[in-house]
């Protein structure tokens, strides 16, 4: 009898070790789709701008509760006065490796006037608004959901989708009696859209919780514009600054002083115009000097990425784009973007004044080789070369009288770009398993255009880190009417289920 | 007895004909200052943006009532859906001339975030805010008011001050038993800050009420920057437009698309920069071609105006100004001013996006010789010369795909400049009487930098028209924290009293 039992046990373990087919998760989605959407609506209804600490903490408490309900050992990692990190740990069965899943639960600030509805009152649409989509009721239990439906709300795509995917995948694994084949660390940040200023401090303060991690998976960003799934091995860095230029110490009547008083809107325009040539290339001295070249392996991977410029231009209504190269080639260089521009008022609020100031919010994306501070230094040298005296605070009267052109520069916290080698063994295991979900459609991208604080893991913790995007590329990330396509949400659940059950 | 009586009557008439000394009005102000301020606060408390018809009508009704109480025969001149004109007529004693007093009771739109308090909740300050002024209680009856005190509220300076001056002057004349020596037409407009689009129609519709007018006095604008009183014989015209340029048909993530997608903030900056040279001179082809030269008389008057550039630059905190000429020389040319500039958001609302559009509100001031429509035509030709396809509505997808650069132009209603000859006999009578109030300080200015629809009277009705300013030059007209200096309010009352009682 003992032998028989042993054989049975061996057989049983053998069964456990075989990766479950993705079909199991697809069936789970067919059965439980409306419940997952309903749970997602609850999560999306909690406002989540990083500087709104009351609501940020409501998000964190909710997530702790959700993880606890699924048997995850959780704790809130905290630093006074900033959003907490929701940390969770779930051991696998005899697992020999530890995978950390990074997600951020905060979202970009909103300009409600540009949204079709309240950004934290999620609505279901039958398809994308820009394709004429109309609001429809949320599905009731037992119905199938059209995968082209979209949920509209802040952070649907960036970046609560991986969270609901993780929670649903854990539910599916439990219901189906599947085995968790790795130890999992859940690491949900609440300050990413504010530039993750405390992430390094968090990692240092709680390093003992993170030492065992073998591979960081950054669940953020959109899939490929072709809608094909992708894994990404690097990100651009990001920094930025605001520049304010000054006219008179008060707004002036445009009649009584127009043609004599300096016009800040004219000044900032001339300054901004001096930063790029007619092709959209930055002409600030040294701006492209530190760009690190790609390796042969990465150049090869680049060649296998589908070119989408023609389709993308059509979709975005663009006759032309900056530069002469393709999107992917342009993303290999740093960028300089006017994110915001403000002086006086336009539209119904416009008044016949010469405003006293003009301000531009300028974003800079960085590639491997760029140092964030040095890049802004270059911009400041350029601004000085245009005749400006640079200040850090609003100028007093003496300073105003001393200099014909004054620019106040306020720098953002930034961070550098990062890249992980595509040949890392843990990364290779993930690539193989994700192909079970994505098939040969899977794109391997050396770097994403967007930014994540990946360098803290690759360059500071010295661990491999790959980016695992879920959201549709047209999710209006960072803008009004952000959304997630249901098909992409389902991809997220399948992906998480697959990773959690991949071969040990 | 008859002879004696005749002599007495002649003597009495002789007394009536002698202009009362200004001292009479000064004494009246000493006795009734707090009541006048209190009445002014009531008037200023009624919101008065031209497109807010409910409150505009409250202003008009209040003014009708105030004029009626002073024996003025009033009526509301109306055109459906636009602010009414408050019209009043008060005959003088055996008067041989009719003077019309034009004032506007509407005010510029407000940006409440830039005000120290609600713009329609007037506050008294001990001196100008920019000089460290502090709020103080309104004076009680029987006290003297420091003439350096200031009332802060929308339209304190532009343009309700002449209204309260007229009402107080009528009260003073009644209390002191003085004689009204001209017939007076009161003509209070409610749409001036919206560009007076219906003023011409009003003048045509109600022309029979206005035919008898010999001289229009436009009570608007500030006194000279030196604080010296002035009479002004012309104004600049005004027009303007908004220009919107387009990037993608939606805002884009600045990471995923930055360095490839067109940046509207960059585009509008380059476009604006192309309109002026480094000296602030407009380089749009033909912009200065139609400027009419000054007459010898006007050039002479110009030479007698005190130069205030050095003092004004110090006051405004300006190291330098546009061009190389003095303020008064610069005001003789048309101007082009960026009144508003907007793309995405700056400050706490800034997001890491490439905004979909950028908009500039551009004001153009005109001088004698400039045609408003032709001037904007020149700007449009310039915009086309920078590679833009001009549209009148937001472009559809086909238009977007057809043109690399698209600019939507929305024109404002504008009107031309105007000038009255300084040698007109009615104007000369007024000049002589105003010198009783202002002494030799009185400045005679050929043209004001600001705009009024004076052309309708000089060029359409063919009547002389002069501008009679009351407000302090630093009244923050059109901007936040608009104010009136009490000294200037008292000047207004004395001025109105003097004009109403000047030699027949």
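The values are calculated or read from the model by the stated rules, or taken from the named source; none is laboratory data. What you are looking at is a predicted structure, and each value in this text was computed from that prediction instead of being measured. Ideal geometry is used to build each Cβ from the backbone, glycine not excepted, and the neighbour counts take in all protein chains shown.
Checking residue A:41 against (1) away from chain B (no Cβ under 14 Å); (2) surrounded by fewer than 15 Cβ atoms within 10 Å (Cβ to Cβ); (3) more than 30 Å from residue A:503 (Cβ to Cβ), which test does it fail?
So residue A:41 meets the others, but not (2).
Taking segment B:388-406 as the search range and keeping residues that are within 35 Å of the chain's Cα centre (by Cα), farther than 30 Å from residue B:291 by Cα and part of a loop (DSSP other than H, G, I, E, B), which one is farthest from the other protein chains (Cβ to nearest Cβ)?
The extreme case among them is B:393.
Evaluate the following for residue A:185: is it over 14 Å from the mean Cα position of the chain (by Cα), more than 7 Å from chain B (Cβ to nearest Cβ), modelled with pLDDT of 95 or more and part of a strand (DSSP E or B)?
Taking the combined requirement at face value, the residue satisfies it.
Going by the structure shown, is residue B:171 in contact with a helix residue (DSSP H, G or I) (Cβ under 9 Å, 6 or more places away or on another chain), surrounded by fewer than 23 Cβ atoms within 10 Å (Cβ to Cβ), away from chain A (no Cβ under 14 Å) and in a loop (DSSP other than H, G, I, E, B)? Step through it out loud before you land on a result.
Numbers: in contact with a helix residue (DSSP H, G or I) (Cβ under 9 Å, 6 or more places away or on another chain): yes; surrounded by fewer than 23 Cβ atoms within 10 Å (Cβ to Cβ): yes; away from chain A (no Cβ under 14 Å): yes; in a loop (DSSP other than H, G, I, E, B): no.
No, not satisfied.
Farther than 19 Å from residue A:418 by Cα and facing chain B (nearest Cβ under 9 Å): does that describe residue A:341? Break it down into steps so the answer makes sense when it comes.
On the way: farther than 19 Å from residue A:418 by Cα: yes; facing chain B (nearest Cβ under 9 Å): yes.
Spelling it out, residue A:341 is indeed farther than 19 Å from residue A:418 by Cα and facing chain B (nearest Cβ under 9 Å).
Failed condition for residue B:447, given (1) assigned by TED's automatic domain parsing to the domain that holds residue B:264; (2) buried (at least 17 other Cβ atoms within 10 Å of the Cβ); (3) closer than 24 Å to residue B:284 by Cβ, with all others met?
Answer for residue B:447: the failing condition is (1).
With (1) part of a loop (DSSP other than H, G, I, E, B); (2) modelled with pLDDT under 95 as the list, and residue A:118 as the residue in question, which single condition is left unmet?
All conditions pass for residue A:118, except number (2).
Yes/no per residue for (1) modelled with pLDDT of 95 or more; (2) within 17 Å of residue B:184 (Cβ to Cβ); (3) not assigned by TED's automatic domain parsing to the domain that holds residue B:195:
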site: B:87; (1), (2), (3): yes, yes, no
site: B:91; (1), (2), (3): yes, yes, no
site: B:97; (1), (2), (3): yes, yes, no
site: B:100; (1), (2), (3): yes, yes, no
site: B:103; (1), (2), (3): yes, yes, no
site: B:111; (1), (2), (3): no, no, no
site: B:133; (1), (2), (3): yes, no, no
site: B:142; (1), (2), (3): no, no, no
site: B:148; (1), (2), (3): yes, no, no
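How many residues, within segment A:444-482, are away from chain B (no Cβ under 14 Å) and more than 30 Å from residue A:134 (Cβ to Cβ)? Break it down into steps so the answer makes sense when it comes.
Of all residues in segment A:444-482, those away from chain B (no Cβ under 14 Å) come to A:444, A:446, A:455-466, A:468, A:470.
Now drop any that are not more than 30 Å from residue A:134 (Cβ to Cβ), which leaves A:444, A:446, A:455-466, A:468.
Residues that pass the stated criteria total 15.
Here is a check on your reading of the model: is residue A:461 buried (at least 24 other Cβ atoms within 10 Å of the Cβ) and over 15 Å from the mean Cα position of the chain (by Cα)? Step through it out loud before you land on a result.
Working: buried (at least 24 other Cβ atoms within 10 Å of the Cβ): no; over 15 Å from the mean Cα position of the chain (by Cα): yes.
No.
From the list A:65, A:27, which residue is in a helix (DSSP H, G or I), without any contact (Cβ under 8 Å) to a residue 12 or more places away in the chain, in contact with a helix residue (DSSP H, G or I) (Cβ under 9 Å, 6 or more places away or on another chain) and closer than 24 Å to residue A:173 by Cα? Step through it out loud before you land on a result.
On the way: A:65 fails: in contact with a helix residue (DSSP H, G or I) (Cβ under 9 Å, 6 or more places away or on another chain).
Criteria check complete, one pass: A:27.
Which count do you get for residues in segment B:77-108 that are surrounded by fewer than 22 Cβ atoms within 10 Å (Cβ to Cβ), in contact (Cβ under 8 Å) with a residue 40 or more places away in the chain and on the phi < 0 side of the Ramachandran plot?
12
Suppose the filter is away from chain B (no Cβ under 14 Å) and either outside any strand (DSSP E or B) or surrounded by fewer than 21 Cβ atoms within 10 Å (Cβ to Cβ) (or both); does residue A:432 pass it? I'd like the intermediate steps shown before the answer.
On the way: away from chain B (no Cβ under 14 Å): yes; either outside any strand (DSSP E or B) or surrounded by fewer than 21 Cβ atoms within 10 Å (Cβ to Cβ) (or both): yes.
In short, yes.
Give me the residue from segment A:411-429 that is in a strand (DSSP E or B) and within 18 Å of the chain's Cα centre (by Cα) and, out of that set, nearest to residue A:503 (Cα to Cα).
The residue in question is A:419.
Return a yes/no flag: does segment A:33-47 have any residue that is in a loop (DSSP other than H, G, I, E, B), touching a strand residue (DSSP E or B) at 6+ places or on another chain (Cβ under 8 Å) and assigned by TED's automatic domain parsing to the domain that holds residue A:180. Quick ask: steps written out before the conclusion?
First, pick out the residues of segment A:33-47 that are in a loop (DSSP other than H, G, I, E, B): A:45-47.
Add one more test, that the residue is touching a strand residue (DSSP E or B) at 6+ places or on another chain (Cβ under 8 Å), and what stays is none.
Within segment A:33-47, none of the residues are in a loop (DSSP other than H, G, I, E, B), touching a strand residue (DSSP E or B) at 6+ places or on another chain (Cβ under 8 Å) and assigned by TED's automatic domain parsing to the domain that holds residue A:180.
Would you confirm whether any residue within segment B:299-311 is over 30 Å from residue A:321 (Cα atoms), buried (at least 21 other Cβ atoms within 10 Å of the Cβ), in contact (Cβ under 8 Å) with a residue 12 or more places away in the chain and more than 7 Å from chain A (Cβ to nearest Cβ)? Before the answer, list the steps.
Filtering segment B:299-311 down to residues over 30 Å from residue A:321 (Cα atoms) leaves B:299-311.
So of that shortlist, the ones also buried (at least 21 other Cβ atoms within 10 Å of the Cβ) come out as none.
The answer is no, given that none of the residues of segment B:299-311 is over 30 Å from residue A:321 (Cα atoms), buried (at least 21 other Cβ atoms within 10 Å of the Cβ), in contact (Cβ under 8 Å) with a residue 12 or more places away in the chain and more than 7 Å from chain A (Cβ to nearest Cβ).
What is the number of the single condition among (1) under 20 Å from residue A:230 (Cβ atoms); (2) touching a helix residue (DSSP H, G or I) at 6+ places or on another chain (Cβ under 9 Å) that residue A:297 does not meet?
Here residue A:297 clears every test but (2).
Output the residues belonging to segment A:268-295 that are assigned to a loop (DSSP other than H, G, I, E, B), at the interface with chain B (Cβ under 9 Å from one of its Cβ atoms) and in contact with a strand residue (DSSP E or B) (Cβ under 8 Å, 6 or more places away or on another chain).
Hit for segment A:268-295 is A:275, nothing else.
Let me confirm something: among A:398, A:402, which residue is exposed (fewer than 15 other Cβ atoms within 10 Å of the Cβ), more than 28 Å from residue B:352 (Cβ to Cβ) and without any contact (Cβ under 8 Å) to a residue 12 or more places away in the chain?
On the way: A:402 fails: without any contact (Cβ under 8 Å) to a residue 12 or more places away in the chain.
Criteria check complete, one pass: A:398.
For segment A:475-482, indicate whether the set of residues that are in contact (Cβ under 8 Å) with a residue 12 or more places away in the chain and under 30 Å from residue A:179 (Cβ atoms) is non-empty.
There is no residue in segment A:475-482 that is in contact (Cβ under 8 Å) with a residue 12 or more places away in the chain and under 30 Å from residue A:179 (Cβ atoms).
Identify all residues within segment A:315-333 that are on the phi < 0 side of the Ramachandran plot and facing another protein chain (nearest Cβ under 7 Å); write none if there are none. Working first, answer last.
Narrowing segment A:315-333 to residues on the phi < 0 side of the Ramachandran plot: A:315-316, A:318-322, A:324-333.
Residues satisfying the conditions are A:316, A:318, A:319, A:320, A:321, A:322, A:327, A:330, A:331, A:333.
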